[in-house]
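Structure record follows, encoded as structure tokens.
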Amino acid sequence: MHPRIEDYAVIGDEQTAALVGRDGSVDWLCLPRFDSGACFARLLGDEDNGHWRIAPKGADGTYCTRRAYRPDTLVLDTEWETDEGAIRVTDLMPQRDRAPDVVRIVEGLRGRVTVHSALRLRFDYGWVVPWMRRVDGHRVAVAGPDSVWLRSEPEVRTWGENLSTHAEFTVAAGETVAFVLTWHPSHHARPPLVDPHEALRASVADWRAWSARCRYDGPHRDAVIRSLITLKALTYVPTGGIVAALTTSLPEELGGVRNWDYRYCWLRDSTLTLGALLAAGHEEEAEAWRDWLLRAVAGDPADLQIMYGLAGERRLPEFELPWLSGYAGSRPVRVGNGAVSQLQLDVYGEVMDSLSLARTAGMTPKPHMWSLQCALMNWLSENWRQPDEGLWEVRGGRRQFVHSKVMVWVAADRAVRALERYPQLSGDLEGWRALRDEVHREVCEKGYDPRRNTFTQYYGSRDLDAALLLIPRVGFLPPEDPRVIGTVDAVREELGHGGLLRRYSTAGRTVDGLPGDEGAFLACSFWLADALHLTGRTGEARELFDRLVALANDVGLLAEEYDPKAGRHLGNYPQAFSHIGLVNTALTLYGDGQAG
């Protein structure tokens, strides 16, 4: 049996991250970057695909007694109570100097407890078994480009068994044994050793200093700070890019085929991410994200992609890993994402909106930013009538998606507003005004169903889409417009799923192009709370928000989706879009509209 997705906690160093289960096992870790091959891939297979478990001897398969992050940090404490005594395992990944390190410190709390460590390294997503040897008291694993060093302080005896490295030791109250796992390119010399105890002290201090900058002081403040810490953990700090999640192929339906790689940076998240970071007081991270965005989209506007790699890489070919059985039998396991080649017109609006927000927020100006925006607008003016694959990357063919057209309107609106507000800028003011008016008129004529008083998923469709809830947020229509209120009510009624919200209907495979079903999409459920508030139903909005916050696991993390029937998380994890939704909704409901 696979642990539930919500049974995992995350530790990371802002260049990669690991998932640690309630059983003390690190079951997912890609080194040296989020998008590198995994050296622990048990999450998507079994123990033979790599993991590292530290727990009391004889506790195989047993969950810990309790666990929690140290307040306002990404340092995880996991405790076990046994007949012999109690221990705490503290897990962290210190911010790296030259190499990534995983630090695991075992501390005796009571009595004397025998502890077992089982390390099974498997490079390239559980495929490659490394050669192990002992060097100067270290265990060293090497295979091709990868090398991993394992050491303990004080040194404990290790032995090899069944292609794994084992250790067994006893800790009494007040005693500690620390392990450090360090990766480096196999053709490089071993990097300097990390002091595990100093790394712990520095990590706690650094995370708490960062968290203290949060300006939000309303209800569920702990959940907001945990979400911001999670977004920080999903940031690739060398470039400022934020990955959608740290995993690939966690299913949207158990046993199904809706399994995608989310270890990349999506433009769809850009405005919401920027707004959340700015409103919460993290201007430095917001500016780094803005700068990543400018670098990623630079080039021919016709080549604008919906997602990019951590440094703005454009080629993200999708392929399958047949040797992995998938999470709970959900296959295929995919690496890369074929949706990168799709046309999604909404990303032009999202980029224009993000850069507009950056300009009005007073971020350090970039001299080429406006010329890039003009190039995007010139392309969009000639191509906005094309059908596209839409926000949700459907694989059932292109449509005239209403949300895509609304975001075209957003692009034109932000360009017009920039010219009206900043006289030093120049551009096609009259042409962009005309474009804005034409798109607005067409959407209201072709994307609205007057009999049902709701906007629809695409022109001529009866289906609905949760992205329609963003219409009042982006300013396309005011919240009090009867068409907005009707759309909010229709979306809640038709896409409701156990009190939460689906993205769209999967019945009939008419748009989606895939078999099977999926759970409630958490970001969309936060959008519903925002829309209810904007349309004057703040009490209902706050009730929904309370319920959504309560769906987080015991350490405050959210996946992409939630299955109300089974009561469990689904999809890639932890999901940036869900945590962005939590932060923005908190700010909308309780932060005087700071989310923008």
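The values are calculated or read from the model by the stated rules, or taken from the named source; none is laboratory data. What you see is a predicted model; the values in this text were computed from it and never measured. Cβ placement follows ideal geometry from the backbone for every residue including glycine, while neighbour counts extend to all protein chains displayed.
Suppose we filter ALA245, ALA280 for residues that are surrounded by 24 or more Cβ atoms within 10 Å (Cβ to Cβ), in the same structural domain as LEU522 (by TED's automatic domain parsing), among the aliphatic types (A, V, I, L, M) and at pLDDT 95 or above; which single one remains? Don't jump to the end; show me each part of the working.
On the way: ALA280 fails: at pLDDT 95 or above.
The unique qualifying residue is ALA245.
Those residues that are hydrophobic (A, V, I, L, M, F, W, C), surrounded by 22 or more Cβ atoms within 10 Å (Cβ to Cβ) and touching a helix residue (DSSP H, G or I) at 6+ places or on another chain (Cβ under 6 Å), I need them from the range 252-277; list them, please.
LEU267, LEU272, LEU274, ALA276, LEU277
Looking at THR182, THR176, THR235, THR230 in this structure, which one is hydroxyl-bearing (Ser, Thr, Tyr) and in contact with a helix residue (DSSP H, G or I) (Cβ under 6 Å, 6 or more places away or on another chain)? Break it down stepwise before answering.
Details: THR182 fails: in contact with a helix residue (DSSP H, G or I) (Cβ under 6 Å, 6 or more places away or on another chain); THR176 fails: in contact with a helix residue (DSSP H, G or I) (Cβ under 6 Å, 6 or more places away or on another chain); THR235 fails: in contact with a helix residue (DSSP H, G or I) (Cβ under 6 Å, 6 or more places away or on another chain).
Of the residues listed, the single one that is hydroxyl-bearing (Ser, Thr, Tyr) and in contact with a helix residue (DSSP H, G or I) (Cβ under 6 Å, 6 or more places away or on another chain) is THR230.
Give the residues of the range 409-463 that are of a type in the set (S, T, N, Q) and either crowded, with 16+ Cβ neighbours inside 10 Å or in a helix (DSSP H, G or I) (or both), sorted by residue number. So that I can check it myself, show each step before the final result.
If we filter the range 409-463 for residues that are of a type in the set (S, T, N, Q), which is where we start, we get 424, 426, 453-454, 456-457, 461.
Passing the criteria: THR454, THR456, GLN457, SER461.
Please tell me if THR78 is in the same structural domain as THR182 (by TED's automatic domain parsing), in a loop (DSSP other than H, G, I, E, B) and β-branched (Val, Ile, Thr). Talk me through it step by step, then tell me what you get.
Numbers: in the same structural domain as THR182 (by TED's automatic domain parsing): yes; in a loop (DSSP other than H, G, I, E, B): no; β-branched (Val, Ile, Thr): yes.
Judged against the criteria, THR78 is not a match.
Looking at ALA523, ALA531, which is the one that is touching a residue at least 60 places away in the same chain (Cβ under 8 Å), part of a helix (DSSP H, G or I) and of a type in the set (Gly, Ala, Ser)?
Details: ALA523 fails: touching a residue at least 60 places away in the same chain (Cβ under 8 Å).
Of the residues listed, the single one that is touching a residue at least 60 places away in the same chain (Cβ under 8 Å), part of a helix (DSSP H, G or I) and of a type in the set (Gly, Ala, Ser) is ALA531.
Across the range 464-482, which residue is farthest from LEU391 (Cα to Cα) among those that are assigned to a loop (DSSP other than H, G, I, E, B) and in contact with a helix residue (DSSP H, G or I) (Cβ under 6 Å, 6 or more places away or on another chain)? Steps first, please.
Applying the first criterion (assigned to a loop (DSSP other than H, G, I, E, B)) to the range 464-482 yields 464, 475-481.
Subsequent filtering for residues that are in contact with a helix residue (DSSP H, G or I) (Cβ under 6 Å, 6 or more places away or on another chain) retains 464, 476-477, 479.
Numbers: LEU464: 13, PHE476: 17, LEU477: 20, PRO479: 22 Å.
Among residues in the range 464-482 that are assigned to a loop (DSSP other than H, G, I, E, B) and in contact with a helix residue (DSSP H, G or I) (Cβ under 6 Å, 6 or more places away or on another chain), the one farthest from LEU391 (Cα to Cα) is PRO479.
Working only within the range 368-408, note down all residues that are touching a residue at least 12 places away in the same chain (Cβ under 8 Å), part of a loop (DSSP other than H, G, I, E, B) and of a type outside the set (Gly, Ala, Ser).
HIS368, TRP384, GLN386, PRO387, GLU389, LEU391, TRP392, GLU393, VAL394, ARG395, ARG398, GLN400
Scan the range 35-57 and tell me whether some residue there is surrounded by fewer than 19 Cβ atoms within 10 Å (Cβ to Cβ) and under 20 Å from VAL106 (Cβ atoms). Write out each step before concluding.
Keep residues of the range 35-57 that are surrounded by fewer than 19 Cβ atoms within 10 Å (Cβ to Cβ), which gives 46-48, 57.
Next, from what is left, pick out any that are under 20 Å from VAL106 (Cβ atoms): 57.
Among the residues of the range 35-57, at least one is surrounded by fewer than 19 Cβ atoms within 10 Å (Cβ to Cβ) and under 20 Å from VAL106 (Cβ atoms), which makes the answer yes.
Just to verify a result, which residue in the range 131-156, among those that are in contact with a Phe, Trp or Tyr (Cβ under 6 Å, 6 or more places away or on another chain) and under 18 Å from ASP48 (Cβ atoms), is surrounded by the fewest Cβ atoms within 10 Å (Cβ to Cβ)?
First pass over the range 131-156, keeping only residues in contact with a Phe, Trp or Tyr (Cβ under 6 Å, 6 or more places away or on another chain): 138, 140, 142-143, 146, 148, 152, 156.
Retained after the next criterion (residues that are under 18 Å from ASP48 (Cβ atoms)): 143, 146, 148.
Values: ALA143: 19, ASP146: 21, VAL148: 25.
Restricting to residues being in contact with a Phe, Trp or Tyr (Cβ under 6 Å, 6 or more places away or on another chain) and under 18 Å from ASP48 (Cβ atoms), the top hit is ALA143.
All but one of (1) farther than 30 Å from LYS565 by Cα; (2) more than 12 Å from the chain's Cα centre (by Cα) hold for LYS232; which doesn't?
(2)
Rundown of residues vs (1) of a type outside the set (Asp, Glu); (2) at positive phi; (3) part of a helix (DSSP H, G or I); (4) touching a helix residue (DSSP H, G or I) at 6+ places or on another chain (Cβ under 6 Å), yes/no style:
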residue	(1), (2), (3), (4)
ALA279	yes, no, yes, yes
GLU287	no, no, yes, no
LEU294	yes, no, yes, no
GLY299	yes, yes, no, no
LEU310	yes, no, no, no
GLU313	no, no, no, no
PRO317	yes, no, no, no
PRO322	yes, no, no, no
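Of all residues in the range 184-239, count the ones that are more than 19 Å from VAL549 (Cβ to Cβ), among the small types (Gly, Ala, Ser), outside any helix (DSSP H, G or I) and touching a residue at least 24 places away in the same chain (Cβ under 8 Å).
Selection size over the range 184-239: 2.
A quick yes/no check of all residues on (1) among the small types (Gly, Ala, Ser); (2) at pLDDT 95 or above:
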residue	(1), (2)
PHE34	no, yes
GLY37	yes, yes
ASN49	no, yes
GLY58	yes, no
THR73	no, yes
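Here are TRP131, TRP159: which of them is hydrophobic (A, V, I, L, M, F, W, C) and farther than 25 Å from LEU321 by Cβ? Full working, then the answer.
Numbers: TRP131 fails: farther than 25 Å from LEU321 by Cβ.
None of the others qualify; the one that does is TRP159.
Return only the number of the condition from (1) surrounded by fewer than 23 Cβ atoms within 10 Å (Cβ to Cβ); (2) touching a residue at least 60 places away in the same chain (Cβ under 8 Å) that ASP353 does not satisfy.
So ASP353 meets the others, but not (1).
Can you tell me which of (1) farther than 19 Å from GLN575 by Cβ; (2) surrounded by 16 or more Cβ atoms within 10 Å (Cβ to Cβ) is the one ALA507 doesn't meet?
Unmet condition: (2).
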